[in-house]
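To start, the structure itself, in structure tokens.
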Amino acid sequence: MPAYAEVFQRIEKKYRLDADQRRLVEEGLSAALAPDAYGRTRITSLYLDTPERSMIDRSLEKPLYKEKLRLRAYGAEAGDALVRAFAGGRSVAPRDAVTPVFLEIKKKFKGVVYKRRVGLSLSAAAAFLAGAPYERAVATWPLADPALQQAALMPRSLQIARELEAALARHDQLVPSMAIACERVAWAPRDPQGDALRVTFDDHLAYCDLLAGEAAGPAEAAAPGAPGDAEGSGPVVTPTWHPVIPATGSVMEIKNAGPYPAWLVHLLDEARAYPASFSKYGTAYRLVGAPTALVATKPARATQNGAFDAPDPRGAPRIAGDRAEIAPEGGLALPKSVQQGATGPARRARSPFRARQTPRFVQPTSPRWLKRLQSSLVKGGRCA
């Protein structure tokens with residue numbers, strides 16, 4: 001896994017571009033920036049949310065503060081492994097156990113984006129999300145690269161893990177909600193000592209609705225390592241991907257800690273590129289529509305013509321306080337509550353995913369709430 005940055009604090013602006021606009025912008029960027037060493041890369045993000053998708057629903061209301069929790073994988077093989085592991089509560093196949101992934105929390109407050117993440121193996125991520133202590137999960141299922149494994153246990157990573165645990169505890173029981181994939185080309189300054197300006201172009205955006213079972217394998221598929229599964233790759237999982245934007249379109253994102261340089265402002269003006277509010281997960285959520293009441297998970301079943309029905313969209317595998325276990329064939333078996341879609345209250349366990357009996361506080365649902373409070377304080381003479 002390349003040495004990606006773990007902490008970000010910057011302003012990010014998105015722009016929707018057509019093919020001609022993108023070509024013009026890229027020509028203008030080439031004088032000061034160039035595609036980075038990673039080149040064109042497939043990025044797969046798997047978002048965690050409540051069964052009702054309340055996190056993304058609130059995020060689209062544009063509150064002063066919002067946050068998202070996701071797993072991210074770089075590269076086609078790692079992305080496929082990520083979807084396989086969380087599709088329908090399946091186990092982590094042996095060949096995918098050491099696949100490097102990131103567990104991230106992305107916060108946005110007053111337009112400034114703060115992103116914190118830790119790099120760990122796919123098996124360690126699954127175990128951590130199932131309730132295992134971070135240090136134990138990372139030590140039990142280490143990354144193949146010793147340097148990256150050491151970084152996963154550094155004090156900064158441990159601090160970020162505590163922040164992730166706190167974020168997980170703020171929300172109701174979370175489930176794998178949706179996977180978003182895109183092809184990205186990132187541009188960075190030609191001078192390594194230059195400013196922190198970074199521009200990314202994402203195209204071929206697609207989503208896979210995990211709540212609707214669009215990545216679930218057949219119920220009769222062999223378990224990882226079972227006879228007939230020569231590679232030990234686990235159940236056959238064929239995700240169903242849907243486009244988020246037209247094939248010729250792109251989403252450009254400019255990431256910088258301060259104001260744009262003058263040359264970039266002129267370039268955007270020449271290309272008639274204007275900032276647009278755009279969320280990949282939010283757009284896919286709007287395309288799918290809000291889920292109805294979630295009651296129980298129905299496994300995929302074979303039909304007479306040999307096709308497979310997707311699980312009932314009203315159900316979803318829940319991540320509860322069960323412990324992850326090592327499968328006999330060497331992979332990681334997710335908790336039974338994930339595999340079977342348990343709907344009852346989670347066991348009382350030291351897990352950030354356990355369901356809270358009562359909320360600790362109620363967050364405002366829109367900035368208007370805060371404005372009304374401030375107004376009342378001013379009128380009451382309690383605020384200068």
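The values are calculated or read from the model by the stated rules, or taken from the named source; none is laboratory data. Note that the structure is predicted; figures quoted are calculated from it, not measured. In this analysis, Cβ positions are derived from the backbone assuming ideal geometry, glycine residues included, and neighbour counts consider all displayed protein chains. Calculation scope for accessible area: heavy atoms of the full protein, side chains included, ligands and nucleic acids excluded. Shrake-Rupley method; radii C 1.70, N 1.55, O 1.52, S 1.80 Å.
Residues being among the aliphatic types (A, V, I, L, M), in contact with an Asp or Glu (Cβ under 8 Å, 6 or more places away or on another chain) and over 26 Å from residue 41 (Cα atoms) are represented in the stretch 126-139 by at least one member.
Take the residues in the stretch 218-259 that are hydrophobic (A, V, I, L, M, F, W, C), modelled with pLDDT of 50 or more and out of contact with any helix residue (DSSP H, G or I) (no Cβ under 7 Å at 6 or more places or on another chain); name whichever of them is surrounded by the fewest Cβ atoms within 10 Å (Cβ to Cβ). For the stretch 218-259, the residue satisfying everything is 247.
Among residues of the stretch 90-116 being open to solvent by less than 40 Å² (accessible area, probe 1.4 Å), assigned to a strand (DSSP E or B) and in contact with a helix residue (DSSP H, G or I) (Cβ under 7 Å, 6 or more places away or on another chain), the one that is farthest from residue 69 (Cα to Cα) is 92.
Across the stretch 61-84, the qualifying residues are those that are among the hydrophobic types (A, V, I, L, M, F, W, C) and within 22 Å of residue 239 (Cβ to Cβ), and the one among them that is most open to solvent (accessible area, probe 1.4 Å) is 76. Restricting the first member to the stretch 156-176 and to residues that are assigned to a helix (DSSP H, G or I), and the second to residues that are open to solvent by 10 Å² or more (accessible area, probe 1.4 Å), the beta-carbon pairs closer than 6 Å and six or more apart or on different chains are 160/116; 163/116; 165/352; 168/352; 169/352. Considering only the stretch 153-164, state which residues are of a type outside the set (A, V, I, L, M) and open to solvent by 50 Å² or more (accessible area, probe 1.4 Å). Of everything in the stretch 153-164, those that are of a type outside the set (A, V, I, L, M) and open to solvent by 50 Å² or more (accessible area, probe 1.4 Å) turn out to be 155, 156, 159, 162. For the residues 173, 150, the requirement of being of a type in the set (S, T, N, Q) and either out of contact with any Phe, Trp or Tyr (no Cβ under 9 Å at 6 or more places or on another chain) or buried (at least 23 other Cβ atoms within 10 Å of the Cβ) (or both) singles out 150. When 87, 132, 139 are checked against the criterion of being at pLDDT 90 or above, of a type outside the set (Asp, Glu), crowded, with 19+ Cβ neighbours inside 10 Å and farther than 30 Å from residue 259 by Cβ, 132 stands alone in meeting it.
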